[in-house]
Amino acid sequence: LLGWHWTLSTLLGAIRATPLPLALRGSEEVLLRLRDGGTIGLDWWESPPERQQSSSKPLALVLPGMANSSRSLYIRRCMARLSRAGFRPVALNYRG
């Protein structure tokens, strides 16, 4: 095996820090306070239900992995695809 090299570490850090494309940035997070005092977030790709007219689109709940959130690139892409397929995607951000 090749040893870990500092240039590879720098390159991976730069890739991970790449900003999201504009098309993948449009969402709105709604924070929900739970009875036990905890907070979760619902990140709506389109506007949240209270700001929308009645919608006939089915809702798609996206659950990121435990170490990720709705801001992860793969979740943003998933939500964009669901929206194009006719769904209203919303991602759950776990307690934090």
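Read the figures in this text as sums done on the coordinates, not as results from a lab. What you see is a predicted model, and the numbers here were worked out from it, not measured in a lab. Reconstructed Cβ throughout: ideal geometry from the backbone, glycine too, with neighbour counts over all protein chains shown.
Descriptive notes on the structure:
- Segments 75-82, 26-33 sorted - mean Cβ within 10 Å per residue, highest first: 75-82, 26-33
- Ranked by how many other beta carbons lie within 10 Å on average, peptides 89-95, 67-73, 38-44 from highest: 89-95, 38-44, 67-73
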